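Below is one structure, written out as structure tokens; comments come after it.
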Amino acid sequence: MEKFIKNILVTGGAGFIGSHTLITLLENGYRLIILDSLVNSSETVIKRVLNLSNLHDKKRESMAIFIKGDVRDQKLLINIFETYTNSLQSIVAVVHFAGLKSVFESTKFPLQYWDSNVSGTINLLKIMERFNCLNFVFSSSATIYGTNNKNLLIKENDVINPINPYGQTKDVIERILNNLISEKNKKWSIAILRYFNPTGAHKSGLIGENSKGFPNNLMPIINKVAFREIKELEIFGNDWNTPDGTGVRDYIHVMDLAEGHLLALEYILDKNNKSNFIKLNLGTGTGTSVLELVDTFSRVNDVEIPYKFSARRDGDVSYSVADISQAKSKINWNPKRNLKEMCRDSWNSYKKQKDYKFRKLH
Ligand code: NAD
Ligand code: UD1
């Protein structure tokens, strides 16, 4: 008899965090239906994930199905659920990464952000409900905590006060998910995961952080400086209330995040668990300043990172570090990879992608 394999719909699976999570889910025996519009990624990523997943050729085709499409496309979603809903094969859960993620862009194009993130999620939840698929893992962000200049670890029940459209879309989606949980007649199980600063890459270097357009986040910019595509790093402020005056963040390796998704998914699928709603910070609980990150990156990778100080960036906070005791106790998650590994894996992946593009062009 065929072993019962669980089908999971992964939206945004070709993106940075999604692609790394695909590997962990495949390694743990899930069959994946991957939906991505490729607005910020490429299909090559899916091919590489399959190659990395140590499944043999025939099995790969049946264990991961890629569909190019948008979560706002109702007809497509209905079609996906119809195709994969029968007694052996229903979709048991959705891991929802799809969405737009640039704070800066969200201030320029707020309607696109509300449409893709909020309308997209509502659309998906409606179709899930119609097909009685009520298990949902959602990508939220530390950005929802807004301005926190107290230099204290952030707990899940701290004040939510996002100060940009991107963060506001995440907050609104969290509120919608709260509403679903308080519906008396439905049996939703939901995990909200609030990521702090995802970085690093799979150790192969074959996948990584490959956003289209110019990056805004620190690690991708450091990679560009190391590769000499940018002359120097601009450090936004050296007058913050932190030990060396530069901003402190909680960098978390993307493979640790991937494992957090697996554990959160298994938690909500296990109906013996006490709660059907978890909201968890995913970080390491350790703060690193911009100067510390630059120093570690230079030493681990033996490259120079020239920098200069400039004015503070609008919307920045001095300190954003997670209290991760809830994730540890509720889903037994313990991030294992340190800052050195984040810097090494990030640079390894960046160089490999560049080398690959170079070879394609020449
Ligand atoms: P990403 O841009 O690399 O991945 C998102 C994927 O979703 C991309 O492949 C993109 O093509 C796809 N997508 C976007 N809109 C879509 C739509 N309407 N329909 C279908 N596919 C769509 O981003 P990421 O870093 O992997 O982030 C994944 C999720 O985590 C996002 O929701 C993001 O907001 C959230 N998040 C990311 C970070 C971070 O720093 N990377 C931090 C906190 C939260
Ligand atoms: C940013 C987003 C946040 C999002 C998070 C993870 C803003 C205002 N906030 O936060 O919503 O959840 O990314 O995706 O964009 N830095 C420099 N020079 C640079 C880039 C960054 O000095 O060129 C500094 C920043 O000031 C900050 C630290 O590096 O102190 C980390 O920055 P970044 O990677 O953008 O992450 P966040 O600021 O946490």
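The values are calculated or read from the model by the stated rules, or taken from the named source; none is laboratory data. Predicted model only: the values in this text are computed from it and were never measured. In this analysis, Cβ positions are derived from the backbone assuming ideal geometry, glycine residues included, and neighbour counts consider all displayed protein chains. Only protein heavy atoms, including side chains, enter the accessible area calculation; ligands, DNA and RNA are left aside. Shrake-Rupley method; radii C 1.70, N 1.55, O 1.52, S 1.80 Å.
Data table
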| item | result |
| --- | --- |
| Calculated from backbone phi, Karplus (6.51, -1.76, 1.60) coupling profile of segment 293-309 in Hz, x at Gly/Pro | 5, 4, 5, 4, 4, 5, 5, 5, 9, 6, 10, 8, 10, x, 8, 9, 8 |
| Residue list for segment 104-143, given a label point 7 angstrom along the Cα-to-Cβ vector of Asn28 and an amide N cut-off under 13 Å | 137 |
| Estimated dipole of the chain in Debye, rounded to 20 [Cβ of Lys and Arg +1, of Asp and Glu -1, Cα centre] | 720 |
| Amide H within-cut-off set for Ile33, under 5 Å, with H built and near neighbours excluded | Ile8, Leu9, Val10, Ile65 |
| Separation of alpha-carbon centers, segment 297-353 and segment 129-185, rounded to whole Å | 23 |
| All lysines inside 17 Å of Lys354 as judged from Cα atoms, apart from same-chain residues fewer than 8 positions distant | Lys203, Lys212, Lys224 |
| For the chain: accessible area per residue (Å², 1.4 Å) | 47 |
| Global form of segment 124-218, assessed from the alpha-carbon gyration tensor, a/c cut-off 1.5 | oblate |
| Shape category assigned to segment 45-134 from the gyration tensor of Cα positions, a/c cut at 1.5 | oblate |
| Normalised alpha carbon radius of gyration of the chain [divisor 2.2 N^0.38 Å] | 0.97 |
| Exposure of Val159 as accessible area (Å², to 10), given a probe of 1.4 Å and all protein chains | 110 |
| Reachable aspartates and glutamates from Lys170, criterion Cα separation under 13 angstrom, eight or more residues apart if same chain | Asp115 |
| Ratio Rg/Rh [Cα only; Rh per Kirkwood] for segment 140-285 | 1.01 |
| Net charge dipole size for segment 129-202 [Lys, Arg +1 and Asp, Glu -1 on Cβ; Debye, nearest 20] | 140 |
| Karplus-derived HN-Hα couplings along segment 6-12 (A = 6.51, B = -1.76, C = 1.60, θ = phi - 60°), whole Hz, x at Gly and Pro | 8, 8, 10, 8, 10, 8, x |
| Carbon + sulfur, % of accessible area of segment 65-217 - ligands and nucleic acids excluded, 1.4 Å | 53 |
| Ranked by how many other beta carbons lie within 10 Å on average, peptides 238-251, 197-210 from highest | 197-210, 238-251 |
| Nonlocal amide H pairs with Phe277, under 5 Å, H built at 1.01 Å | Ile190 |
| 5 angstrom amide H check on Ile252, placed H, neighbours 5+ away | Asn197, Thr199 |
| Sequence-distant aspartates and glutamates (8 or more away, or on other chains) whose Cα lies within less than 20 Å of Lys155 | Asp171, Glu174, Asp250, Asp256, Asp316, Asp323 |
| Distance cut-off 19 Å, percentage of C-alpha pairs in segment 209-362 lying past it | 61 |
